[in-house]
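K.L.:
My questions all concern the structure below.
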Amino acid sequence: MAASEETAVGPLVGAVVQGTNSTRFLLFDSKTAELIGHHQVELKLQYPKEGWVEQDPKEILRSVYECIAKTCEKIAGENIDVSSIKAIGVSNQRETTVVWDKFTGEPLYNAVVWLDLRTQSTVETLNKKIPGNSNFVKSKTGLPLSTYFSAVKLRWMLDNLRPIQKAVEEGRALFGTIDSWLIWSMTGGVNGGVHCTDVTNASRTMLFNIHSLEWDKELCDFFEIPMAILPNVCSSSEIYGLITTGALEGVPISGCLGDQSAALVGQMCFEEGQAKNTYGTGCFLLCNTGKKSVFSEHGLLTTVAYKLGKEKPVYYALEGSVAIAGAVIRWLRDNFEIIATTEEIETLASEAGTSYGCYFVPAFSGLYAPYWEPTARGIICGLTQFTNRCHIAFAALEAVCFQTREILDAMNRDCGIPLSHLQVDGGMTSNKILMQLQADILHIPVIKSIMSETTALGAAMAAGAAEGVEIWSLEPNDMPTILMERYEPQILASESEIRYATWKRAVLKSMGWVTPNDPENKDNAVFSCLPLGIFIVSSMTLLIGARYVSNFEE
């Protein structure tokens, strides 16, 4: 790169995107939103028992430093001065829970991942404590009691792990979601690290009052969580501290958003009623509801969308969370081995052009929104002797689209104004058949940003706009123009409705497989092991229990 080009680059803003399966670091030009450089590191998941999903917090931290170092090396090789990086933002998998020792900096246990299911009995116990006519937990948090959220995972850790119990008793323990662990570590750790989180991540813990924007004593008492171990809650855009080591020593961390909120910002859904859907390992549809929190009557979550500055207002969102989206493709690759790569799913589906009456409900870990049904498990139904792997591949893609349709229907009923189109992002959106299927099944246009890295872009925007940094304007007239790709429905609405109605019948068949309270099933591998089991039901009465190797990611 010539010297004149070098001076035209920057100032740059970095974004750490810490997902369940990988960590990435990306650099953007704050004036154009152009992606300048990036690096990615894959991560390991650990499965100590069925239904348990863990990660090594130290491996996650190392992966962040590696991604930053490699990206800086790459841009230096292109004659871009690393000193042009003026701030970084952090975006992270939400709900995943870490507890560490503030004096040694050592994690006291592995990170318990957001889709971990070990806490089902904890949830059942807690449910019995809630008065029947007053669900104060949901009214304060916008969330149903579920294994999904951090407070339940933390309660399990306090009940079952003596090292954590002892650290709490001795005043050594700190709790956080992944953003808190990273920010504390990167800003000094035991030498003055900043123990904080932002409102979007706090709103996923089930300990945070989304109306007062504070940790709630009544909630903490209910879960028996000591408030002293909780991080300070900040806005999503402010300087939290400076990086103390590595290639970006001295650079401020000034943006923090849970990954789905970061994608909402990156999609520039700043107006009430704008919505985006992110297709990752899971699938997450968020609709901006403005400065008011809208409580769902149809199985959606009420959550904090963002708060872009200390003195800026908080914005809320309705969220529909689908547990398994891209993970079903990896399941077909790793478990059934009907594809060699995840990209091959598009080729197989195009060869079939139809599921031929085959329907796939990938409820590997129960059903999230709008059902919140932990007893569900995956099924493939409608099989005949004609069915082949191409039909199953097509059905898997349709399953992602049908799940999104369920969320969108619930959102339309809650908001009262049907969405006229859906903005999409995430790794799966490169699959053109999936995008066309989604438009057909929703029967509205699907609009995909050519800039696929919207989660990273949102974190970078928050960091660059922070007071004291102020190199990225969030004013509407200053927003960069992002090219879009549009998919229009290509089938009749009546056909879409018939297929969707059949899918709903399949969903009903997926429910009730797990009966954890039934003593006869306590040791039954089919019914009690979580998240074991895809159950394939067909005219051939084939019933298969297949081990599900999880690839969980928000």
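K.L.:
Kindly provide the set of residues from the range 428-441 that are assigned to a helix (DSSP H, G or I), buried (at least 20 other Cβ atoms within 10 Å of the Cβ) and within 22 Å of the chain's Cα centre (by Cα), ordered by number.
P.N.:
First, pick out the residues of the range 428-441 that are assigned to a helix (DSSP H, G or I): 428-430, 432-441.
Narrowing further to those that are buried (at least 20 other Cβ atoms within 10 Å of the Cβ): 428-429, 434-435, 437-441.
Met428, Thr429, Leu434, Met435, Gln438 - these are the residues of the range 428-441 that are assigned to a helix (DSSP H, G or I), buried (at least 20 other Cβ atoms within 10 Å of the Cβ) and within 22 Å of the chain's Cα centre (by Cα).
K.L.:
What are the residues in the range 312-342 that are assigned to a loop (DSSP other than H, G, I, E, B) and β-branched (Val, Ile, Thr), if any?
P.N.:
Step one: list which residues in the range 312-342 are assigned to a loop (DSSP other than H, G, I, E, B), which gives 312-314, 323-325, 335-342.
Scanning the range 312-342 gives Val314, Ile324, Ile338, Ile339, Thr341, Thr342.
K.L.:
Here's another thing I want to ask about it. Of everything in the range 29-49, what is in contact with a Gly (Cβ under 8 Å, 6 or more places away or on another chain) and in a strand (DSSP E or B)? Give them in sequence order.
P.N.:
Of everything in the range 29-49, just one residue is in contact with a Gly (Cβ under 8 Å, 6 or more places away or on another chain) and in a strand (DSSP E or B), namely Asp29.
K.L.:
Any chance you could count how many residues in the range 73-97 are within 25 Å of Cys196 (Cβ to Cβ) and outside any strand (DSSP E or B)?
P.N.:
Within the range 73-97, the first condition is being within 25 Å of Cys196 (Cβ to Cβ), and the residues that meet it are 85-97.
If we keep only those that are outside any strand (DSSP E or B) too, we end up with 93-96.
Residues meeting the conditions: 4.
Rundown of residues vs (1) touching a residue at least 60 places away in the same chain (Cβ under 8 Å); (2) over 18 Å from the mean Cα position of the chain (by Cα); (3) open to solvent by 20 Å² or more (accessible area, probe 1.4 Å), yes/no style:
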site	(1), (2), (3)
Ile225	yes, yes, no
Leu242	no, yes, yes
Gly250	no, yes, yes
Gln267	yes, no, no
Gly273	yes, yes, yes
Lys276	yes, no, no
Val294	yes, yes, yes
His298	yes, yes, yes
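K.L.:
Keeping to the range 352-396, report how many residues are of a type in the set (Gly, Ala, Ser), assigned to a strand (DSSP E or B) and either more than 29 Å from Tyr148 (Cβ to Cβ) or within 20 Å of the chain's Cα centre (by Cα) (or both). Reasoning before the result, please.
P.N.:
The first filter runs over the range 352-396 and keeps only residues of a type in the set (Gly, Ala, Ser), leaving 352-353, 355, 357, 363, 365-366, 369, 376, 378, 382, 393, 395-396.
Add one more test, that the residue is assigned to a strand (DSSP E or B), and what stays is 366, 378, 382.
If we keep only those that are either more than 29 Å from Tyr148 (Cβ to Cβ) or within 20 Å of the chain's Cα centre (by Cα) (or both) as well, we get 366, 382.
The qualifying residues number 2.
Yes/no matrix, rows are residues, columns are (1) in a loop (DSSP other than H, G, I, E, B); (2) modelled with pLDDT under 90:
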position	(1), (2)
Glu249	yes, no
Gly255	no, no
Ala262	no, no
Val265	no, no
Met268	yes, yes
Gly273	yes, yes
Thr281	yes, yes
Phe284	no, yes
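K.L.:
Can you tell me which of Trp114, Trp100, Trp52 is in a loop (DSSP other than H, G, I, E, B) and crowded, with 24+ Cβ neighbours inside 10 Å?
P.N.:
Of Trp114, Trp100, Trp52, the one residue that is in a loop (DSSP other than H, G, I, E, B) and crowded, with 24+ Cβ neighbours inside 10 Å is Trp114.
Yes/no matrix, rows are residues, columns are (1) over 22 Å from Ile447 (Cβ atoms); (2) open to solvent by less than 40 Å² (accessible area, probe 1.4 Å); (3) part of a loop (DSSP other than H, G, I, E, B); (4) without any contact (Cβ under 8 Å) to a residue 12 or more places away in the chain:
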| site | (1), (2), (3), (4) |
| --- | --- |
| Trp472 | yes, yes, yes, no |
| Gln490 | no, no, yes, no |
| Ile498 | yes, no, no, yes |
| Leu508 | yes, no, no, yes |
| Gly512 | yes, no, yes, no |
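K.L.:
How many residues are within 21 Å of Gly282 (Cα to Cα) and modelled with pLDDT of 90 or more if we restrict to the range 26-45? Write out each step before concluding.
P.N.:
Our first condition is that a residue be within 21 Å of Gly282 (Cα to Cα); within the range 26-45, this holds for 40-45.
If we keep only those that are modelled with pLDDT of 90 or more as well, we get 40-41.
Result for the range 26-45: 2.
K.L.:
Could you list, in sequence order, all residues of the range 55-71 that are open to solvent by less than 10 Å² (accessible area, probe 1.4 Å) and touching a helix residue (DSSP H, G or I) at 6+ places or on another chain (Cβ under 8 Å)?
P.N.:
Scanning the range 55-71 gives Pro57, Ile60, Val64.
K.L.:
Does the range 175-191 include one or more residues that are over 24 Å from the mean Cα position of the chain (by Cα), open to solvent by 20 Å² or more (accessible area, probe 1.4 Å) and touching a residue at least 24 places away in the same chain (Cβ under 8 Å)?
P.N.:
Of the residues in the range 175-191, the ones over 24 Å from the mean Cα position of the chain (by Cα) are 187-191.
From what is left, the residues that are open to solvent by 20 Å² or more (accessible area, probe 1.4 Å) are 190-191.
Now restrict to residues that are touching a residue at least 24 places away in the same chain (Cβ under 8 Å): 190-191.
Looking for residues that are over 24 Å from the mean Cα position of the chain (by Cα), open to solvent by 20 Å² or more (accessible area, probe 1.4 Å) and touching a residue at least 24 places away in the same chain (Cβ under 8 Å), one finds at least one in the range 175-191, hence yes.
K.L.:
Take the residues in the range 344-359 that are closer than 21 Å to Gly427 by Cα and without any contact (Cβ under 8 Å) to a residue 40 or more places away in the chain; name whichever of them is surrounded by the fewest Cβ atoms within 10 Å (Cβ to Cβ). Before the answer, list the steps.
P.N.:
Kept after step one, since they are closer than 21 Å to Gly427 by Cα, are these residues of the range 344-359: 344-350.
Those still in the list that are without any contact (Cβ under 8 Å) to a residue 40 or more places away in the chain too: 344, 347.
Working: Glu344: 15, Thr347: 13.
Only one residue fits best here, namely Thr347.
K.L.:
Could you list, ordered by first residue, the pairs with Cβ atoms under 8 Å in which the first is in the range 155-167 and closer than 12 Å to Pro226 by Cβ and the second is among the hydrophobic types (A, V, I, L, M, F, W, C) and outside any helix (DSSP H, G or I), at least 6 apart or interchain?
P.N.:
Note: pairs meeting the criteria are Arg155/Ile225; Leu158/Ile225; Ile164/Val99; Ile164/Leu108; Ile164/Ala173; Ala167/Val99; Ala167/Leu108; Ala167/Ala173.
K.L.:
Which residue, of Arg162, Arg155, Arg172, is within 22 Å of the chain's Cα centre (by Cα) and open to solvent by 20 Å² or more (accessible area, probe 1.4 Å)? So that I can check it myself, show each step before the final result.
P.N.:
On the way: Arg162 fails: within 22 Å of the chain's Cα centre (by Cα); Arg172 fails: within 22 Å of the chain's Cα centre (by Cα).
Arg155 is the lone residue from the list that is within 22 Å of the chain's Cα centre (by Cα) and open to solvent by 20 Å² or more (accessible area, probe 1.4 Å).
K.L.:
Determine which member of the set Asp414, Asp409, Asp425, Asp440 is over 23 Å from Lys504 (Cα atoms) and charged (D, E, K, R).
P.N.:
Working: Asp414 fails: over 23 Å from Lys504 (Cα atoms); Asp409 fails: over 23 Å from Lys504 (Cα atoms); Asp440 fails: over 23 Å from Lys504 (Cα atoms).
Matching residue, one of Asp414, Asp409, Asp425, Asp440: Asp425.
K.L.:
Can you tell me which residue among His443, His391 is on the phi > 0 side of the Ramachandran plot and touching a helix residue (DSSP H, G or I) at 6+ places or on another chain (Cβ under 6 Å)? Spell out the reasoning first.
P.N.:
Details: His391 fails: on the phi > 0 side of the Ramachandran plot.
Criteria check complete, one pass: His443.
K.L.:
Mind listing whichever residues of the range 183-195 are small (Gly, Ala, Ser) and either under 25 Å from Asn21 (Cα atoms) or assigned to a helix (DSSP H, G or I) (or both)? Full working, then the answer.
P.N.:
Narrowing the range 183-195 to residues small (Gly, Ala, Ser): 185, 188-189, 192-193.
Result: Ser185, Gly189.
K.L.:
Still on this model: Considering only residues of the range 374-385 that are at pLDDT 85 or above and closer than 30 Å to Asp116 by Cβ, which is surrounded by the fewest Cβ atoms within 10 Å (Cβ to Cβ)? Can you show your working first?
P.N.:
At the first step, the residues of the range 374-385 found to be at pLDDT 85 or above are 376-385.
Among the residues that remain, those that are also closer than 30 Å to Asp116 by Cβ are: 376-381.
On the way: Ala376: 24, Arg377: 27, Gly378: 26, Ile379: 24, Ile380: 25, Cys381: 20.
Taking the candidates together, the pick is Cys381.
K.L.:
Here's a follow-up. Output the number of residues of the range 6-42 satisfying the condition of being of a type in the set (D, E, K, R) and within 17 Å of the chain's Cα centre (by Cα). Spell out the reasoning first.
P.N.:
First, pick out the residues of the range 6-42 that are of a type in the set (D, E, K, R): 6, 24, 29, 31, 34, 42.
If we keep only those that are within 17 Å of the chain's Cα centre (by Cα) as well, we get 24, 42.
Qualifying residue count for the region: 2.
K.L.:
What pairs can you find where one residue is in the range 417-445 and farther than 25 Å from Ala456 by Cα and without any contact (Cβ under 8 Å) to a residue 60 or more places away in the chain, the other is among the aromatic types (Phe, Trp, Tyr) and assigned to a helix (DSSP H, G or I), and their Cβ atoms are less than 9 Å apart, with a gap of 6+ or different chains?
P.N.:
That search, which allows pairs on different chains as well, returns Leu437/Phe394; Ile441/Phe402; Ile441/Tyr500; Ile441/Trp503.
The values are calculated or read from the model by the stated rules, or taken from the named source; none is laboratory data. Nothing here was measured: the structure is a model prediction, and the numbers come from that model. Methodologically, a virtual Cβ is constructed for each residue, glycine included, from the backbone with ideal geometry; neighbour enumeration extends over all protein chains shown. Heavy atoms of the whole protein, side chains included, go into the accessibility calculation; ligands, DNA and RNA do not. Shrake-Rupley method; radii C 1.70, N 1.55, O 1.52, S 1.80 Å.
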